Amino acid sequence: MRTQKKYVNPDEKQIKKRISKNKAARIVFFIATFFGLAVLAVLIIRIVTQGAGYLNLDLLTNFASRNPENSGIKAALLGTLWVMSVTIPVALILGIGTAIYLEEYAPNNKFTQFIELNISNLAGVPSIVFGLLGLTLFVRYLGMGRSVLAGGLTMALMILPVIVVSSKEAIRSIPQDQYEAGYAMGATKWQIIRTVVLPAATPGILTGAILSLSRAIGETAPLLMIGAMTFIAYVPESIFSSFTVLPIQIFSWASRPQAEFQAVAAAGSVVLLIILIAMNSIAIGIRNKFSKRN
Amino acid sequence: ACGNETTDNESGSENGDTTQGISGSVQVDGSSTVFPIMEGVAEEFSIENPDAQVTIGVSGTGGGMEKFIAGETDITNASRPMKEEEAAMLEEAGIEYTEFNLALDGLSVVVHPDNDWVDSLTIEELSTIWLDTSDVETWADVRPGWPEEEIELFSPGTDSGTYDYFDEVVLDGEQINREAALSEDDNVLVQGVMGSENAISYFGYAYYAENKDNVKVVPIVNGEGEAITPSSETVQDGTYEPLSRPLFIYVKNESMKTNNAAYEFAKYTLEMSGEMATEVGYVALEDSIYQEGLSKLEELK
Amino acid sequence: MSDINSIRPVFSVKDFNLWYGDKQVLTDISLEIPEKKVTAIIGPSGSGKSTFIKTLNRMVELAPSVRMEGGIYYKDNNIFDDAHTQVEVLRTEVGMVFQKPNPFPKSIYDNIAYGPSIHGIKDKKILDQVVENSLKGAALWDEVKDRLQANAFSLSGGQQQRLCIARALAVEPEVILMDEPTASLDPLSTAKIEDLVHDLKKDYSIIIVTHNMQQAARVSDKTAFFLNGELIEFDETERIFSNPKDKRTNDYVSGKFG
Amino acid sequence: MSDINSIRPVFSVKDFNLWYGDKQVLTDISLEIPEKKVTAIIGPSGSGKSTFIKTLNRMVELAPSVRMEGGIYYKDNNIFDDAHTQVEVLRTEVGMVFQKPNPFPKSIYDNIAYGPSIHGIKDKKILDQVVENSLKGAALWDEVKDRLQANAFSLSGGQQQRLCIARALAVEPEVILMDEPTASLDPLSTAKIEDLVHDLKKDYSIIIVTHNMQQAARVSDKTAFFLNGELIEFDETERIFSNPKDKRTNDYVSGKFG
Amino acid sequence: MQPSMKEMIKKKKESRSLYSRIEKIMPTLFLLIASLSILVTIGIIVTLLTETILFFGDVSFIEFITGTEWYPFFKNDPSFGIWPLISGTFLIAFIAMAVAIPIGLSAAIYLSEYASEKSKKIIQPILEVLAGIPTIVYGLFALTFVTPLLQSFIGGLPIFNALSPGIVVGIMIIPQITSLSQDAMSAVPQAMRDGAFALGATKLEVAIKVVVPAAFSGIISSLVLAMSRAIGETMIVATAAGSTPNMSFNPTESIQTMTSYIVQVSMGDATYGSTIYYSIYAVGMTLFIFTFGMNILADYVSRRYREVY
Ligand SMILES: Nc1ncnc2c1ncn2[C@@H]1O[C@H](COP(=O)(O)OP(=O)(O)OP(=O)(O)O)[C@@H](O)[C@H]1O
Ligand SMILES: Nc1ncnc2c1ncn2[C@@H]1O[C@H](COP(=O)(O)OP(=O)(O)OP(=O)(O)O)[C@@H](O)[C@H]1O
Ligand SMILES: [Mg+2]
Ligand SMILES: [Mg+2]
Ligand SMILES: O=P([O-])([O-])[O-]
């Protein structure tokens, strides 16, 4: 066989060319990666400098005002908290429960597959469509008005598919051998779920939940749809109160004619970003902490 | 409640060592033109009555009327008088209401600050610019000698009272130019004009007042043939016409009876609106009109 | 094969067949597994060894689309007859240890206490006792007694495997199934587990799957040779390794393939 | 050990040490690998066999945090000296076959043509020739010649492994490293690969890692025994299996552990 | 010595009917919860559908799906041809993809093939922050930073245009493309790379000729999903693209997307029951069909062409 002539005879020049191509590509790929980081930096620097004049404690403790100096996000911040206090339990109970059902109990048939496909597709449906749903279902048909309840439920429905999908993923990534260990001890299905599945899936579920909650906190469009664009100078007292939330407040400031309000909007954006980055960091922290193990 | 500036004792009233103030919730919605006035009123009202919950939406006059008819709001703001259809629907819904004058606005026509050719416009010229049926496309089509650049139109949305008023006075019920960008967000209009030398738009005087550096207001030729720039004086003395218009609130009579907070808020509004109107760039009415309104309101209680 | 029946069987398998979907993985298996002995199962990869022992505690049913025919009797009860044998009870009596150590991501203590506690035993004193006994039984007590609250993953592979054995012991099973329990371990840990198996057979019946023929020879009393889902030969271990009846057995144990 | 030097070494390893992070995995390895022979590397799991042969073509560097000391000479060139040996060239001359067959998800043809084509050979005629020769060299030609455009994954495990050998042959290496090439194969495929190894040594120097002692005995000329990262013994295969010098070697080849 | 564990377990078994009841209730409970979630998914479709049907009581279906003029606010003869909104939507989506595909994929290759574990650990979360920035903040960024920046290059670029929000939407979806594609590439077994490295391939050759083809379906589905996100993006477009429904593919012109139309109407809170009010459902339905279709496509691609390694 080796009597034939050698076809592959890597000569110096050709090798050099391939290696420098590789080096050039590496630089191009790196620049592309860096681009995203650079835009992020520009964006953050910009809103921080723009909002710098209004970044103080008053921003957090004041209500909105016609006067930029006195404007604050108290109502919006607390409104966001109120809305989340509806969204979180509803989305988590429905989301995790559905994920457990689909992963652990549902028969593996066409119908289940259809449901799963449907849910994962809903995760990609634009938020504004959920706004339409909230407007029709909660605000109008169920007569909740533009209340915290309507807003919270709308947000819950919006993130529900995402939570279902990420919880399913978390459950699915539990190694089969953990189930086997439990079953081999004579555990029942529910015991397995309680003692093996939930503890092991919690970090993953939590990560997904925090990330989707942070999405909900940053969303404007669905709440705009249900008519949350308002001037409010009080803190909601119940889930039936009217409310405003941070992104809406930012949007409303940004639509003011005065340049000062653009700066207040930027200051509000900084606060919103800090909240979101903090939530993301927590989620990433959880993910890193638990992905190390095995 | 009184109309004094109380910004300074905010913390005092929160601590509750001044009078208890009013509690309860008030739903207000409607005109974006009136919004700056109402926002100021609501802010002061909330400072004096920290337990009161005043919500002010910005749905435009038409959108506000819609909610008012649906019974969702206690007070609705309007930058035009109520339409007959709206009144009919309210009657059908069994909602009684009362109209109050709040202030005057000079609907301001604005162009880009670098636009150095437009020195004044007549109502006819305005309508040729804005009507869909007219064949005016460029500034040169409006007046010879003006640049041959296509005019960019930015108009308040069709739900707004501003649009309705403009429609009545300038468009005369005809179709607005289909190239016009419509927006309920007045700032979009400001941005639009700021962004193009050939743009033209119109909106409430308050928004112009806030953007004097960014846009240029166009004097409008009135019935006397004088080109008048909108200002407090020209609006109040009636020389800026026909684009001066009154601003209103409509209160639901029943709310005035049953909802003390709504009543107090309405009262406070009438007391404060003159001051607020001036502060945010509109024109206050004569004091006697507010007094008249207050006594009308008193009767509703 | 007369002596097989002289010892009371803990499992009797009769004409057992198993399919995954359409694929037959076990064909006409019949054998009797003696009590308090070590039975080794050997055979090349894919011959159905794991499937077979997973059938004994019905773990095989966790895989989708499994179909079975024939009977398996645990102490004379048909294990598939739900009226007489609850699967949870069967698995409590027939413990299992896997190829890869699979402790729970919990403390050493909680790993051992898991079995008793899912069966409703919460009394801390009893649990303490069980943990100690089981760890002693698995020859792990001395190495971990000072750090029972440490995470099980902080143990070495061999210790983890003994922990898994201890976990299985905690519910006091009758039988322990072991599926290549030393496959992922170093020589030293392997030796420890082999010693442990030897000790355990005083109290338990043990069935061990192994790739390592020397291991089978060292630890087991009886050996079953599987090939392509069939039981080729089942006999005293000595016999299998010195003088098997079947040529294929001979080829396999002498390393001609596998 | 005098005869080791009588044959020209293709690789000389001198006092070689390797760490993954802080963990030393190879300690003071020195040996010379003869040309056009089959050298077997045996040893229990984790003893560093794979690490060792991956060092020979510098694949080991793909793992993060590897640190090395000592010299390895391929035909008298220090393989770590980038001035003389480019890693891409080294790997072209030192081919490798892995434990699990790892064809690319491409057609059979493209799998073989991959190597030549990255080296700039695009001429369809030459490639056709290379594909045919390589497949013939790997004893796979007859089985696949009618479906060269079929996806490589449609082949059986044993065929895939021969495809991977053919792929390695396509760039005409001098040395072929094989890391447990039959570990995941059935007996028949194993036999085929063993035959192939036997044929290939006419043209290539082969280094083969194996778990299966019988396999080492059957295919290799020389055998190196690794334990815990040390080279315990390196000698003629016959000698290693019949009369090793070191007790540990003897224990291992006789199945006492591992 | 205490009683044997075996006996204790037996005893407990007998007194534990509660547990077996829980065991029986749980599946039903979870089924109930799941049904609720499933109802929601059906709810969306039903809601959109019923209101959309009412819309087609006022406007001809044919006009809606074939019309090229979208002037809903005209009093005398409003026209409801959806195409200007669709073209605006896709114009934005295409600009976004033109930005995001090269950058997102390059970054994915860099992170999956070149970057060290350490730098991956730093870069990845930061990139994910990009995806988490509220769209309203992006919208303001587009309007007040990117547009003026573009205006300094492109003379006569109007303040509201498709280009600027398109680019910003592109930036927003970069992380999605990067992380999903990178997942797909990372899922390519190391063995496959090893196979290529062992033949003397450079990193680039491994990445382009082995990893990318092997991860192809994952990459494609990440692109489809990103596209679907771009189509559904609302606030960026509503803030910076203007509101002129043009059948134009000129990126320097102002356009209107389906989403920004819905926002425009809902901000004015169109009269309940009016044709305009129902039109947002018809538009919403169209949007839903497009994004749902794209998601199904992505799912199909990743299933159909899933690599069997
Ligand atoms: N869940 C499953 N679904 C379908 N086929 C399976 C499944 N588990 C195993 N098999 C197949 O059944 C056959 C027997 O597998 P089994 O795991 O029992 O073999 P084994 O003898 O234990 O092999 P090894 O020594 O590799 O563990 C194999 O062909 C395997 O591919
Ligand atoms: N990438 C890596 N990082 C850290 N440690 C590693 C890495 N790869 C291998 N090791 C460790 O190096 C030691 C030697 O591993 P190696 O794979 O060379 O052993 P081996 O003899 O080939 O074993 P096997 O027979 O199981 O393949 C083992 O302890 C292993 O855990
Ligand atoms: Mg097995
Ligand atoms: Mg190895
Ligand atoms: O918001 P308007 O005042 O224009 O109705």
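For every residue, the table says whether it meets (1) among the small types (Gly, Ala, Ser); (2) more than 20 Å from residue E:286 (Cβ to Cβ); (3) touching a Cys at 6+ places or on another chain (Cβ under 6 Å); (4) not assigned by the TED database to the domain that holds residue E:289.
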{"position": "E:191", "(1), (2), (3), (4)": "yes, yes, no, no"}
{"position": "E:194", "(1), (2), (3), (4)": "no, yes, no, no"}
{"position": "E:199", "(1), (2), (3), (4)": "no, yes, no, no"}
{"position": "E:203", "(1), (2), (3), (4)": "no, yes, no, no"}
{"position": "E:214", "(1), (2), (3), (4)": "yes, yes, no, no"}
{"position": "E:221", "(1), (2), (3), (4)": "yes, yes, no, no"}
{"position": "E:231", "(1), (2), (3), (4)": "no, no, no, no"}
{"position": "E:236", "(1), (2), (3), (4)": "no, no, no, no"}
{"position": "E:246", "(1), (2), (3), (4)": "no, no, no, no"}
Handout entry: Where residue A:32 falls short, out of the listed (1) among the small types (Gly, Ala, Ser); (2) at the interface with another protein chain (Cβ under 7 Å from one of its Cβ atoms); (3) open to solvent by 20 Å² or more (accessible area, probe 1.4 Å)
Key = (3)
Exercise for the section: Report yes if some residue within the stretch E:112-126 is touching a strand residue (DSSP E or B) at 6+ places or on another chain (Cβ under 9 Å), in the same structural domain as residue E:255 (by the TED database), modelled with pLDDT under 90 and open to solvent by 40 Å² or more (accessible area, probe 1.4 Å); otherwise report no. Expected result: no
Exercise for the section: Kindly indicate whether residue A:239 is of a type in the set (A, V, I, L, M, F, W, C) and closer than 28 Å to residue C:98 by Cβ. Expected result: no
Handout entry: Those residues of the stretch E:128-156 which are crowded, with 21+ Cβ neighbours inside 10 Å, of a type outside the set (Val, Ile, Thr) and not in a helix (DSSP H, G or I), in sequence order
Key = E:134
Exercise for the section: Please work out if residue C:134 is within 14 Å of chain E (Cβ to nearest Cβ) and away from ligand 2 (no atom under 16 Å from the Cβ). Expected result: yes
Exercise for the section: Could you tell me which residue of the stretch D:66-77 is nearest to ligand 2 (Cβ to nearest atom), considering only residues that are of a type outside the set (Gly, Ala, Ser) and open to solvent by less than 20 Å² (accessible area, probe 1.4 Å)? Expected result: D:72
Completion exercise
If we keep only residues of the stretch C:225-249 that are closer than 18 Å to residue C:47 by Cα and within 13 Å of another protein chain (Cβ to nearest Cβ), then the residue surrounded by the most Cβ atoms within 10 Å (Cβ to Cβ) is C:227
Fill in the blank from the handout: How many residues of the stretch C:181-196 are open to solvent by 20 Å² or more (accessible area, probe 1.4 Å) and either of a type in the set (Ser, Thr, Tyr) or away from every other protein chain (no Cβ under 11 Å) (or both)? The answer is 3
Fill in the blank from the handout: How many residues of the stretch E:193-208 are open to solvent by 10 Å² or more (accessible area, probe 1.4 Å) and at the interface with another protein chain (Cβ under 7 Å from one of its Cβ atoms)? The answer is 5
Exercise for the section: Could you tell me whether residue C:67 is more than 13 Å from chain E (Cβ to nearest Cβ), basic (Lys, Arg) and in contact with a helix residue (DSSP H, G or I) (Cβ under 6 Å, 6 or more places away or on another chain)? Expected result: no
Practice task
Would you mind stating whether residue D:168 is open to solvent by less than 10 Å² (accessible area, probe 1.4 Å) and more than 18 Å from residue D:45 (Cβ to Cβ)?
Solution key: yes
Exercise for the section: State whether the residues of the stretch E:47-60 include one that is within 10 Å of chain A (Cβ to nearest Cβ) and open to solvent by 40 Å² or more (accessible area, probe 1.4 Å). Expected result: yes
Problem - Residues satisfying the stated conditions in the stretch A:248-294, i.e. closer than 16 Å to residue A:68 by Cβ and of a type in the set (Val, Ile, Thr) - result: A:250, A:264, A:270, A:271
Practice task
Return yes or no: is residue C:90 open to solvent by 10 Å² or more (accessible area, probe 1.4 Å) and either over 26 Å from residue C:209 (Cα atoms) or more than 16 Å from ligand 1 (Cβ to nearest atom) (or both)?
Solution key: no
Exercise for the section: For residues that are open to solvent by 10 Å² or more (accessible area, probe 1.4 Å), within 14 Å of chain E (Cβ to nearest Cβ) and modelled with pLDDT of 85 or more, tally how many sit in the stretch A:212-244. Expected result: 4
Practice task
Identify the residue in the stretch E:239-259 that is part of a helix (DSSP H, G or I) and at pLDDT below 90 and, among all such residues, is nearest to the other protein chains (Cβ to nearest Cβ).
Solution key: E:239
Exercise for the section: Restricting attention to helices (runs of 4 or more DSSP H) lying wholly within the stretch A:146-210, give those where 1 or more residues are more than 8 Å from chain C (Cβ to nearest Cβ), touching a Gly at 6+ places or on another chain (Cβ under 6 Å) and buried (at least 22 other Cβ atoms within 10 Å of the Cβ). Expected result: A:148-172
Exercise for the section: Looking for whichever is closer than 24 Å to residue D:54 by Cβ, open to solvent by 30 Å² or more (accessible area, probe 1.4 Å), more than 16 Å from ligand 5 (Cβ to nearest atom) and under 16 Å from the mean Cα position of the chain (by Cα) here; the options are D:222, D:201. Which one fits? Expected result: D:201
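One line per residue, one yes/no per condition, for (1) within 8 Å of another protein chain (Cβ to nearest Cβ); (2) within 16 Å of ligand 1 (Cβ to nearest atom); (3) within 16 Å of residue E:197 (Cα to Cα):
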| position | (1), (2), (3) |
| --- | --- |
| D:113 | no, no, yes |
| D:116 | yes, no, yes |
| D:119 | yes, no, yes |
| D:128 | no, no, no |
| D:155 | no, no, no |
Exercise for the section: Mind listing just one residue for me: the one in the stretch E:267-289 that is open to solvent by less than 20 Å² (accessible area, probe 1.4 Å) and either free of Cβ contacts under 8 Å to residues at least 40 places away in the same chain or of a type in the set (Lys, Arg) (or both) and, of those, nearest to the other protein chains (Cβ to nearest Cβ)? Expected result: E:268
Problem - Filter pass, residue A:45 being surrounded by fewer than 16 Cβ atoms within 10 Å (Cβ to Cβ) and more than 9 Å from chain E (Cβ to nearest Cβ) - result: yes
Problem - Selection count where residues are more than 11 Å from ligand 2 (Cβ to nearest atom) and of a type in the set (Gly, Ala, Ser), scope the stretch D:11-64 - result: 3
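The values are calculated or read from the model by the stated rules, or taken from the named source; none is laboratory data. Computed from a prediction, not measured in an experiment: that's the story for all the values here. When we count neighbours, we look across all protein chains shown, and the Cβ atoms used for this are built from the backbone with ideal geometry, even at glycine. Remember, those area values only see protein heavy atoms, side chains included, never the ligands or the DNA or RNA. Shrake-Rupley method; radii C 1.70, N 1.55, O 1.52, S 1.80 Å.
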